[in-house]
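Structure, as structure tokens:
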Amino acid sequence: MLNTADILTQLDQRRRNYSLSRDLYCDEGVYQADLENLWYREWVFAIPSCDIPKTGNHATLQIGAYPIVIVRGADGQIRAFHNVCRHRGQRLCPKENGSSPKLVCPYHQWTYDLDGRLLFARDMGADFDASQFSLKPVHVQDRGGLVYVCLAEDPPAFDRLGGFMDDYVGASDLSNAKVAFTSTIVEQGNWKLVIENNRECYHCGGSHPSLCRTYSDNPLMTVMEGPNAASPEILSHWDRCDKAGLAARFVNDPGMQWRFARVPLLNNAESFTMSTKAAVNRRMGTIPWNDAGSLMFYHFPSSWNHFLPDHAIVFRLLPISPTQTEVTSKWLVHKDAVEGKDYDLKALTEVWINTNDEDRRVVEENQKGIRSPAYEPGPYSPNQEEGVIHFVDWYVRTMQDRLSPRPAMAAE
Amino acid sequence: MLNTADILTQLDQRRRNYSLSRDLYCDEGVYQADLENLWYREWVFAIPSCDIPKTGNHATLQIGAYPIVIVRGADGQIRAFHNVCRHRGQRLCPKENGSSPKLVCPYHQWTYDLDGRLLFARDMGADFDASQFSLKPVHVQDRGGLVYVCLAEDPPAFDRLGGFMDDYVGASDLSNAKVAFTSTIVEQGNWKLVIENNRECYHCGGSHPSLCRTYSDNPLMTVMEGPNAASPEILSHWDRCDKAGLAARFVNDPGMQWRFARVPLLNNAESFTMSTKAAVNRRMGTIPWNDAGSLMFYHFPSSWNHFLPDHAIVFRLLPISPTQTEVTSKWLVHKDAVEGKDYDLKALTEVWINTNDEDRRVVEENQKGIRSPAYEPGPYSPNQEEGVIHFVDWYVRTMQDRLSPRPAMAAE
Amino acid sequence: MLNTADILTQLDQRRRNYSLSRDLYCDEGVYQADLENLWYREWVFAIPSCDIPKTGNHATLQIGAYPIVIVRGADGQIRAFHNVCRHRGQRLCPKENGSSPKLVCPYHQWTYDLDGRLLFARDMGADFDASQFSLKPVHVQDRGGLVYVCLAEDPPAFDRLGGFMDDYVGASDLSNAKVAFTSTIVEQGNWKLVIENNRECYHCGGSHPSLCRTYSDNPLMTVMEGPNAASPEILSHWDRCDKAGLAARFVNDPGMQWRFARVPLLNNAESFTMSTKAAVNRRMGTIPWNDAGSLMFYHFPSSWNHFLPDHAIVFRLLPISPTQTEVTSKWLVHKDAVEGKDYDLKALTEVWINTNDEDRRVVEENQKGIRSPAYEPGPYSPNQEEGVIHFVDWYVRTMQDRLSPRPAMAAE
Ligand code: FES
Ligand code: FES
Ligand code: FES
Ligand SMILES: [Fe+3]
Ligand SMILES: [Fe+3]
Ligand SMILES: [Fe+3]
């Protein structure tokens, strides 16, 4: 199990544009460092806000060792708390989704207001001061209908990103959306392998027959920088969107932690369906055409998303162990769309249920090969795997800054 | 993983009347220290002696890393041994219960007498001295029909406790009892959380609809000290028992490692049944009335028990890992009671099968919440959780004494 | 977890002709030392070559952390490689057996020739030098139709052993054999316990009713040295074989790492069947009689084998964890023997499927007993367990040489 100095050495010695060392994908010490320096310090995607539309609705997730609950208050605000009772530490809300006017602990019924205050604790004696036992808050952001949480005491800035979320995701008007379906799978692979898999389409032709009906595996169509600066087809799509007031142009964090861009689907396809046509009989938000393509938004380390004219798919990944990652996908549709009438659930979900499972299989075999001491880092395709390079560069730089004893500023 | 000094620091710094620190419930090093300083040094409840009524009957259990076998000898005596063949270390008796005139190793048939002596080993050569290869004995006590074992070289005193077991449990005459049913479940929680759960009824109203038909969740009825000194109802029950010669009054170890008391059930209920009536058509031992209530006997770290007029339930807990505990419950009835005639097995067992499962669920959620680094110890209810305070005080004090480099006497 | 010095101490202090210490069978550090000093340095049995009879056939196995693939090339040669793609480390061949004209990575379709050269990698840019990304080779030997691999840079000598494999195993002509059936089981026991179990028949009478129909549990019949030097019955069998030109006499490595000998079955039985008659309607290779008995060949640490007139069974063991071992058995018959006509699959396989399972059960109980801190090493029977003594002596001596800081030569 690597210690901080070991990890820093491996980060410092890594070869640029090559995959990472075996330990960085497998080691328990690296996993703990990833949790402490990234997962417990960065903003992490939790849920779309339409997952808890009403007062008293709540949703839970687990970030590393931390159970979290996200609650819609009586004032309509979304708040997040450590999902741990202040009495004897019971997990307060055990289910993924629930609803109740107060948060009542299942063990001894200590009762918390939706804003986290302890309202009632039976038989605790005269000296008991309930005001000292509120639920512990977790930072939360709700922008464009996507809820992010951050476990750090001082979370990183969110304003610039939040502004773009308002603009780009806002066009899908998630406040008038609903969750049509949720899928949760566990991949037997390190979380970084799950992201690397997501950040390239070099594997798509060989892995994703259903996705490839509608999604181009040409990096000119989906990657935006360097050798893949936007192609004429993309540029004309953006011009068209501009005229309709639809935010579409490539915008990114300078460190590539996140990126937005709306791209056309293949051959004027409308949605990620087997038929290539829209799966839902009404569009979301202010998106003007069925062929507006997909707004792609990723955010490291926890999420990628597709916002299509007829539906959106939000993906959340959460690390479980050095070699296990949970991937949750939620399909969102207009809140008034009726299943069986306005959309067929199988047609809506089958392409990405297949795609997720296909990706799971290659990620798991990737982990098995990398576990070999004979594995050595190999070169990324400069053309096809630019997105992977962005990710590993972001990962290595961020970890170096946080693990390094030298002043981070001087080192830039 | 904590070392001894770390553990001692956490024990020394704990806040009285508050739950323990996260590590004390989760850490692998603490678990090993618990095994070495408590489980391998204290008397541990094994079986009711009626589980092995005849010569050659044996029963097995696993205390941490140690497999143990308990055997009824040709002389009627109960002996305990390490369940490990002296040849190549085979687990000698693989099953939970068995019977055979000798103990024959399943691997190469080395054959031991029921008193542990090696009687026969095939083809071991002329120099082989069988007398050097007896089974290794384990200390054993059989008082009042309950068999305890101790792995220590010098076990703690048992005499005072044993005397009370004779008196209190003796009234149920377990020598004329039989095991009607055994249930074994594994709870995904630290053994201390399993005991804490058992030592209070603050959670009963919210968790145990069937038990609460007959068992009072009022601490005045079931806890006996401090703010809950015996209530008038309890005192009058004890007076009635005194007159009938039935040992009933509260008696305890000064350090609260164990306690006996007979308490009435709720509303003159007779037994822990859905009907509130006796489950078995004949009483055990010399208990004079159907409404004699329950003799409650607990002993840390491994057991709690209910001795009712018509049946008894003995509970044994054994640690499996930092976050796993095995709980075995045995329902005992008079040996001449006939299933289907004198009792219905479902009616006899359903209340505590439900109750055990309800407790398992809250214990497992407790473990999940406590695993959070955001967990902090919370206050026990002075009124409702006095029994839990007794347990954690006993635990902390005992571990401090055993882990501490300072002379234990001077520290008192 | 033991370090090197601890392990060496336990090896140095072990008592001769006694089973090993608890840690040597259980400890994670010992397991890692076993992998690094034995499994990654010795020749390990992989497959019979008839498992991959044709160009493009391949088979995979996992030695500790190393996935390996064995391939039949266009030139008919068998080669072995690390089963890890040189791009991003995908396990190249995920299945136990497969066939394809080139080795194509399932992730991004990098394509390797059957000799390991990278032939094609899409879109890797002008600077990419494919010649630098061949599959990494693993040493391989194919003698007498048995394929061994070695992960060491400088493998131990194989010549003397290989010569005997040609002679002894050659008589079964595995080049004209086929795999009729493969069974893979996982035993919950240390790999050394699996070998110890295999190296004695002290347990056979009590464990193997079907095997004992045809295989003698008398060590005079199956062990060849010391107190069990070949019996008259064996000697006359060897004389008969000599005259027919069938290699049969006991031959061994001076350190007992391997041994060959052909022994008659019990009561002129022909094969390991319930009927005691041949299971297959034609003999293999040049074996002249149905009652030629079994050529027994073992090789530490990974294999034992039986070559009978009508079929052969090759056994491969691979360690999975300190307390888990995979055992793969393959039944070989003449390549022209037709299932259902020349042999019945159940009759062919049932005896050793039963025997493997019976051995699995005793090995698992052995591990459970040895896990007890009360376990102490016991004496091996000088008569019955000589083969086990050979194994533990070989193990202890080899580990001492490799772990010891003193020059190995001087210490001999
Ligand atoms: S743990 Fe929540 S009320 Fe007791
Ligand atoms: S291990 Fe018990 S007889 Fe061999
Ligand atoms: S990992 Fe093999 S081709 Fe990419
Ligand atoms: Fe994919
Ligand atoms: Fe309970
Ligand atoms: Fe065997």
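Within the range A:81-119, which residues are within 16 Å of ligand 5 (Cβ to nearest atom) and at the interface with another protein chain (Cβ under 7 Å from one of its Cβ atoms)?
Just the residues of the range A:81-119 that are within 16 Å of ligand 5 (Cβ to nearest atom), to begin with: A:87-88, A:90, A:105-109.
Residues satisfying the conditions are A:His87, A:Arg88, A:Gln90, A:Pro106, A:Tyr107, A:His108, A:Gln109.
So which residues in the range A:200-221 are buried (at least 19 other Cβ atoms within 10 Å of the Cβ) and within 14 Å of another protein chain (Cβ to nearest Cβ), if there are any at all?
A:Glu200, A:Cys201, A:Tyr202, A:His203, A:Cys204, A:Ser207, A:His208, A:Asp217, A:Pro219
Suppose we filter the range C:191-224 for residues that are away from ligand 2 (no atom under 16 Å from the Cβ) and in contact with an Asp or Glu (Cβ under 6 Å, 6 or more places away or on another chain); how many remain? Write out each step before concluding.
Step one: filter the range C:191-224 for residues away from ligand 2 (no atom under 16 Å from the Cβ), giving C:191, C:209-216, C:218, C:220-224.
Then keep just the ones that are in contact with an Asp or Glu (Cβ under 6 Å, 6 or more places away or on another chain); that gives C:223.
Residues flagged as away from ligand 2 (no atom under 16 Å from the Cβ) and in contact with an Asp or Glu (Cβ under 6 Å, 6 or more places away or on another chain) within the range C:191-224 amount to 1.
Report the residue count in the range A:252-286 for those that are among the hydrophobic types (A, V, I, L, M, F, W, C), closer than 22 Å to A:Glu339 by Cβ and surrounded by fewer than 22 Cβ atoms within 10 Å (Cβ to Cβ). Please lay out each step first, then the result.
Keep residues of the range A:252-286 that are among the hydrophobic types (A, V, I, L, M, F, W, C), which gives A:256, A:258, A:260-261, A:263, A:265-266, A:269, A:272, A:274, A:278-280, A:284.
Next, from what is left, pick out any that are closer than 22 Å to A:Glu339 by Cβ: A:272, A:274, A:278-280, A:284.
Those left that are additionally surrounded by fewer than 22 Cβ atoms within 10 Å (Cβ to Cβ): A:274, A:278.
Selection size over the range A:252-286: 2.
Does C:Lys243 satisfy being buried (at least 16 other Cβ atoms within 10 Å of the Cβ), under 25 Å from C:Pro309 (Cα atoms), at pLDDT 95 or above and away from ligand 2 (no atom under 16 Å from the Cβ)?
Numbers: buried (at least 16 other Cβ atoms within 10 Å of the Cβ): no; under 25 Å from C:Pro309 (Cα atoms): yes; at pLDDT 95 or above: yes; away from ligand 2 (no atom under 16 Å from the Cβ): yes.
It is false that C:Lys243 is buried (at least 16 other Cβ atoms within 10 Å of the Cβ), under 25 Å from C:Pro309 (Cα atoms), at pLDDT 95 or above and away from ligand 2 (no atom under 16 Å from the Cβ).
To keep it simple, each residue is scored yes or no on (1) within 30 Å of A:Ser183 (Cβ to Cβ); (2) at the interface with chain C (Cβ under 9 Å from one of its Cβ atoms); (3) among the small types (Gly, Ala, Ser).
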position: A:Asp344; (1), (2), (3): yes, no, no
position: A:Glu350; (1), (2), (3): yes, no, no
position: A:Asn356; (1), (2), (3): yes, no, no
position: A:Glu365; (1), (2), (3): yes, yes, no
position: A:Lys368; (1), (2), (3): yes, yes, no
position: A:Ala374; (1), (2), (3): no, yes, yes
position: A:Asn383; (1), (2), (3): no, yes, no
position: A:His390; (1), (2), (3): yes, no, no
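Conditions first: (1) closer than 24 Å to A:His334 by Cβ; (2) more than 20 Å from the chain's Cα centre (by Cα); (3) hydroxyl-bearing (Ser, Thr, Tyr). A:Ser175 passes all but one, so which condition is the exception?
All conditions pass for A:Ser175, except number (2).
Can you tell me which of (1) of a type outside the set (D, E, K, R); (2) away from chain B (no Cβ under 13 Å); (3) part of a helix (DSSP H, G or I) is the one A:Gln32 doesn't meet?
(2)
Those residues that are modelled with pLDDT of 95 or more, closer than 29 Å to C:Pro219 by Cβ and charged (D, E, K, R), I need them from the range B:119-174; list them, please.
Result: B:Arg122, B:Asp123, B:Asp129.
Working only within the range C:72-101, note down all residues that are more than 16 Å from ligand 3 (Cβ to nearest atom) and not in a loop (DSSP other than H, G, I, E, B).
Those that are more than 16 Å from ligand 3 (Cβ to nearest atom) and not in a loop (DSSP other than H, G, I, E, B): C:Arg72, C:Ile78, C:Arg79, C:Ala80, C:Asn97, C:Ser99.
Could you list, in sequence order, the residues of the range B:341-360 that are near ligand 5 (Cβ under 10 Å from one of its atoms) and either part of a loop (DSSP other than H, G, I, E, B) or over 14 Å from B:Thr328 (Cα atoms) (or both)?
Answer for the range B:341-360, where residues must be near ligand 5 (Cβ under 10 Å from one of its atoms) and either part of a loop (DSSP other than H, G, I, E, B) or over 14 Å from B:Thr328 (Cα atoms) (or both): just B:Glu358.
Pick out the one residue from C:Tyr66, C:Tyr25, C:Tyr40, C:Tyr18 that is among the aromatic types (Phe, Trp, Tyr), within 16 Å of ligand 2 (Cβ to nearest atom) and touching a Leu at 6+ places or on another chain (Cβ under 9 Å). Don't jump to the end; show me each part of the working.
On the way: C:Tyr66 fails: within 16 Å of ligand 2 (Cβ to nearest atom); C:Tyr40 fails: within 16 Å of ligand 2 (Cβ to nearest atom); C:Tyr18 fails: touching a Leu at 6+ places or on another chain (Cβ under 9 Å).
When all the criteria are applied, what remains is C:Tyr25.
Can you name the residue in the range B:361-377 that is assigned to a helix (DSSP H, G or I) and either charged (D, E, K, R) or touching a strand residue (DSSP E or B) at 6+ places or on another chain (Cβ under 7 Å) (or both) and is also nearest to B:Ser275 (Cα to Cα) among such residues? Before you say what the answer is, go through the steps one by one.
If we filter the range B:361-377 for residues that are assigned to a helix (DSSP H, G or I), which is where we start, we get B:361-370.
Filter again for either charged (D, E, K, R) or touching a strand residue (DSSP E or B) at 6+ places or on another chain (Cβ under 7 Å) (or both), leaving B:361, B:363-365, B:368-369.
On the way: B:Arg361: 25, B:Val363: 28, B:Glu364: 30, B:Glu365: 31, B:Lys368: 35, B:Gly369: 36 Å.
Checking each candidate, the answer is B:Arg361.
Can you tell me which of A:Leu220, A:Leu193 is over 23 Å from the mean Cα position of the chain (by Cα) and either free of Cβ contacts under 8 Å to residues at least 40 places away in the same chain or within 16 Å of ligand 3 (Cβ to nearest atom) (or both)?
Just one listed residue meets the conditions, A:Leu220.
If I filter the range B:181-198 down to residues being assigned to a loop (DSSP other than H, G, I, E, B) and either crowded, with 22+ Cβ neighbours inside 10 Å or outside the structural domain of B:Glu326 (by TED's automatic domain parsing) (or both), which single residue comes out as farthest from ligand 4 (Cβ to nearest atom)? Before the answer, list the steps.
To start, the set of residues in the range B:181-198 that are assigned to a loop (DSSP other than H, G, I, E, B) comprises B:188-190.
Then keep just the ones that are either crowded, with 22+ Cβ neighbours inside 10 Å or outside the structural domain of B:Glu326 (by TED's automatic domain parsing) (or both); that gives B:189-190.
On the way: B:Gly189: 39, B:Asn190: 41 Å.
So the residue we want is B:Asn190.
Output the number of residues of the range B:64-88 satisfying the condition of being more than 16 Å from ligand 6 (Cβ to nearest atom) and over 28 Å from the mean Cα position of the chain (by Cα).
Step one: of the range B:64-88, the residues more than 16 Å from ligand 6 (Cβ to nearest atom) are B:64-86.
Subsequent filtering for residues that are over 28 Å from the mean Cα position of the chain (by Cα) retains B:86.
Matching residues across the range B:64-88 total 1.
Taking the residues in the range A:120-157 that are among the β-branched types (Val, Ile, Thr) and more than 10 Å from chain B (Cβ to nearest Cβ) as candidates, determine which candidate is surrounded by the most Cβ atoms within 10 Å (Cβ to Cβ).
Here the residue is A:Val149.
In the range A:230-238, is there at least one residue being part of a strand (DSSP E or B) and more than 16 Å from ligand 6 (Cβ to nearest atom)? Reasoning before the result, please.
Kept after step one, since they are part of a strand (DSSP E or B), are these residues of the range A:230-238: none.
Looking through the range A:230-238, none of the residues is part of a strand (DSSP E or B) and more than 16 Å from ligand 6 (Cβ to nearest atom).
In the list A:Ile47, A:Ile70, A:Ile78, A:Ile63, which residue meets the criterion of being surrounded by fewer than 23 Cβ atoms within 10 Å (Cβ to Cβ), within 21 Å of A:Ser303 (Cβ to Cβ) and more than 12 Å from every other protein chain (Cβ to nearest Cβ)? Step through it out loud before you land on a result.
Values: A:Ile47 fails: surrounded by fewer than 23 Cβ atoms within 10 Å (Cβ to Cβ); A:Ile70 fails: surrounded by fewer than 23 Cβ atoms within 10 Å (Cβ to Cβ); A:Ile63 fails: more than 12 Å from every other protein chain (Cβ to nearest Cβ).
Going through A:Ile47, A:Ile70, A:Ile78, A:Ile63 in turn, the sole match is A:Ile78.
Pick from the range A:209-230 the residues that are in contact with a Phe, Trp or Tyr (Cβ under 8 Å, 6 or more places away or on another chain) and at pLDDT 95 or above: which of them is farthest from ligand 1 (Cβ to nearest atom)?
Out of the qualifying residues, it is A:Thr214.
Would the range B:84-104 turn up any residue that is closer than 14 Å to B:Val140 by Cα and either assigned by TED's automatic domain parsing to the domain that holds B:His299 or at pLDDT 95 or above (or both)?
Within the range B:84-104, the first condition is being closer than 14 Å to B:Val140 by Cα, and the residues that meet it are none.
Within the range B:84-104, none of the residues are closer than 14 Å to B:Val140 by Cα and either assigned by TED's automatic domain parsing to the domain that holds B:His299 or at pLDDT 95 or above (or both).
The values are calculated or read from the model by the stated rules, or taken from the named source; none is laboratory data. Note that the coordinates shown come from a computational prediction; the quantities given were computed from them, not determined experimentally. Cβ coordinates were reconstructed from backbone atoms using ideal geometry, including for glycine residues, and neighbour counts include every protein chain displayed.
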